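The values are calculated or read from the model by the stated rules, or taken from the named source; none is laboratory data. All values reported here derive from a predicted model rather than from experimental measurement. When we count neighbours, we look across all protein chains shown, and the Cβ atoms used for this are built from the backbone with ideal geometry, even at glycine. Heavy atoms of the whole protein, side chains included, go into the accessibility calculation; ligands, DNA and RNA do not. Shrake-Rupley method; radii C 1.70, N 1.55, O 1.52, S 1.80 Å.
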Amino acid sequence: MTRKRIGFFTRLLDDTSAQQRYRLATEQIQHAERTGFDSAWIAQHHFHEKEGGLPSPLVFLAHVAAHTRTIRLGTGIITLAMENALRVAEDAAVLDLLSNGRLEVGLGSGGTATSFLPFGITIDQRASVFADHLHQLLSAWRGDTLGHPENHLYPAAPTLAQRVWIATFSVEGAARAGLAGHGLMLSRTQPRPAGQPDLPLHQIQNPMIDAYLAALPAGIAPRILASRTAFVADSNDYARRLAEPGLQRQAQHFRESGHVIGNTLDEQARQLDAHFGDADTVRQSLLADTSLQRVTDISFQVHSIDPPHTDILRSIELIAEHIAPALRALSHA
């Protein structure tokens with residue numbers, strides 16, 4: 001049985017300046033490495049600092065690479081529709097060398113409508129632009145000629161094309177990722193169908209896993225990463241106290257987007273897929289998520305609880321000691 005990999009994920013949303021966010025996130029990733037996490041993942045967001053604090057993920061990971069040794073470093077995600085694909089190919093190739101081959105490349109099309117406009121496209125164009133940019137990116141990494149017979153990617157990065165992960169909310173997107181032999185990235189939460197606010201997340205994501213596995217070519221090992229919100233503290237009361245403000249903010253954001261979200265903390269935790277409490281509580285909550293039995297990788301983030309830095313470090317320790325062993329013991333796919 002293949003060992004399930006455990007990751008730490010951050011959107012770099014600590015309640016401080018951008019410079020301090022980068023320092024604290026680096027410390028959190030270093031702590032995850034010390035406590036035995038297999039990977040660290042960071043998100044990219046342009047312009048909107050309350051959604052995510054990092055527009056330049058490969059720059060940041062180059063810094064992290066210099067301050068870590070073994071933990072794998074992933075993007076979750078690069079918003080490829082807004083990027084120059086060849087520049088991403090070059091920067092990723094350099095970063096992979098600097099990190100001694102530790103880079104994992106998660107890609108997606110982006111989701112904030114206004115963020116596309118400065119890049120000369122609209123959100124309605126994102127799917128076609130993403131597909132075109134992905135083709136360019138993979139072509140460069142595979143060593144194809146680039147516009148002229150003398151042009152090839154330097155430095156060469158022939159293995160990066162095998163470390164691509166695609167983020168999607170849909171069964172159709174999961175099937176496309178599988179057919180291409182890429183990894184599949186499943187979100188920490190996603191909106192429920194109309195009239196089903198309490199539908200468990202695994203009932204949405206298991207069909208995506210099914211479609212991915214059915215489309216995956218023979219001989220290619222599945223790579224399925226599920227992100228989950230998990231905040232572990234030394235007591236349930238303390239975890240609930242810290243969870244409430246963040247979940248209320250996220251619930252209001254979802255309501256403004258037209259979704260039905262309950263008013264109590266327990267309703268919000270269930271409908272927004274947040275796992276929090278002491279180690280026993282969070283472990284049992286996660287083990288009830290049947291999709292986690294089927295994935296190869298799980299990454300934990302504290303968003304949208306977003307507790308203070310010291311509590312994030314403590315949560316990392318408690319996950320490593322009390323929760324990761326139980327999850328690693330689960331079979332997958």
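Going residue by residue through region 228-245, is there one that turns out to be aliphatic (A, V, I, L, M), modelled with pLDDT under 95 and over 20 Å from the mean Cα position of the chain (by Cα)?
First, pick out the residues of region 228-245 that are aliphatic (A, V, I, L, M): 230, 232-233, 239, 242-243.
When the remaining residues are screened for being modelled with pLDDT under 95, the result is none.
No, region 228-245 contains no residue that is aliphatic (A, V, I, L, M), modelled with pLDDT under 95 and over 20 Å from the mean Cα position of the chain (by Cα).
Against the definition (in contact (Cβ under 8 Å) with a residue 12 or more places away in the chain, open to solvent by 50 Å² or more (accessible area, probe 1.4 Å) and outside any loop (DSSP other than H, G, I, E, B)), how does Ala214 come out, yes or no? Break it down into steps so the answer makes sense when it comes.
On the way: in contact (Cβ under 8 Å) with a residue 12 or more places away in the chain: yes; open to solvent by 50 Å² or more (accessible area, probe 1.4 Å): yes; outside any loop (DSSP other than H, G, I, E, B): yes.
So Ala214 passes the test.
Within region 60-101, count every residue that is surrounded by fewer than 19 Cβ atoms within 10 Å (Cβ to Cβ) and farther than 21 Å from Ala167 by Cα.
Of all residues in region 60-101, those surrounded by fewer than 19 Cβ atoms within 10 Å (Cβ to Cβ) come to 62-63, 66-67, 69-70, 84, 86-87, 90, 94, 97-98, 100-101.
With the extra rule that they be farther than 21 Å from Ala167 by Cα, the set shrinks to 62-63, 66-67, 69-70, 90, 94, 97-98, 100-101.
Number satisfying all stated conditions: 12.
If you take the residues of region 2-43 that are part of a loop (DSSP other than H, G, I, E, B) and acidic (Asp, Glu), which of them is least open to solvent (accessible area, probe 1.4 Å)?
Going through region 2-43, the residues part of a loop (DSSP other than H, G, I, E, B) turn out to be 2-4, 11-17, 35-38, 43.
Restricting the remaining residues to those that are acidic (Asp, Glu) gives 14-15, 38.
Working: Asp14: 15, Asp15: 162, Asp38: 33 Å².
Ranking the candidates gives Asp14 first.
So which helices (runs of 4 or more DSSP H) are wholly in region 230-333 and hold at least 1 residues that are open to solvent by 50 Å² or more (accessible area, probe 1.4 Å) and touching a Phe, Trp or Tyr at 6+ places or on another chain (Cβ under 8 Å)?
Working: elements: 236-256, 265-271, 279-287, 309-318, 324-328.
Output list reads 236-256.
Out of curiosity, is His67 at pLDDT 95 or above, over 18 Å from the mean Cα position of the chain (by Cα) and not hydrophobic (A, V, I, L, M, F, W, C)?
It is true that His67 is at pLDDT 95 or above, over 18 Å from the mean Cα position of the chain (by Cα) and not hydrophobic (A, V, I, L, M, F, W, C).
Can you say whether His46 is surrounded by 14 or more Cβ atoms within 10 Å (Cβ to Cβ), under 25 Å from Arg249 (Cβ atoms) and at pLDDT 95 or above, as far as the supplied structure shows? Spell out the reasoning first.
Values: surrounded by 14 or more Cβ atoms within 10 Å (Cβ to Cβ): yes; under 25 Å from Arg249 (Cβ atoms): yes; at pLDDT 95 or above: yes.
Taking the combined requirement at face value, the residue satisfies it.
If you go through region 101-136, how many residues are within 25 Å of Ala226 (Cα to Cα) and not in a helix (DSSP H, G or I)?
12
Could you look through region 170-199, keep only residues that are modelled with pLDDT of 95 or more and open to solvent by 80 Å² or more (accessible area, probe 1.4 Å), and pick out the one that is farthest from Val94 (Cα to Cα)?
Glu172
Among residues belonging to region 181-211 that are in contact (Cβ under 8 Å) with a residue 12 or more places away in the chain and touching a Pro at 6+ places or on another chain (Cβ under 9 Å), point out the one that is farthest from Ile261 (Cα to Cα).
Filtering region 181-211 for residues that are in contact (Cβ under 8 Å) with a residue 12 or more places away in the chain and touching a Pro at 6+ places or on another chain (Cβ under 9 Å), the one farthest from Ile261 (Cα to Cα) comes out as Gly181.
Which residue pairs have Cβ atoms closer than 7 Å, lie 6 or more positions apart in sequence or on different chains, and pair a first residue in region 59-71 that is touching a residue at least 24 places away in the same chain (Cβ under 8 Å) with a second residue that is polar (S, T, N, Q)?
Taking only residues 6 or more apart or on different chains, the pairs are His63/Thr26; Val64/Thr26; Ala65/Ser99; His67/Thr26; His67/Gln30; Thr68/Gln30; Ile71/Ser39.
Can you tell me how many residues in region 160-175 are part of a helix (DSSP H, G or I), touching a residue at least 60 places away in the same chain (Cβ under 8 Å) and not aliphatic (A, V, I, L, M)?
1
Within region 259-273, is there a residue that is in contact with a helix residue (DSSP H, G or I) (Cβ under 6 Å, 6 or more places away or on another chain), in contact (Cβ under 8 Å) with a residue 12 or more places away in the chain and under 18 Å from Thr10 (Cα atoms)?
yes
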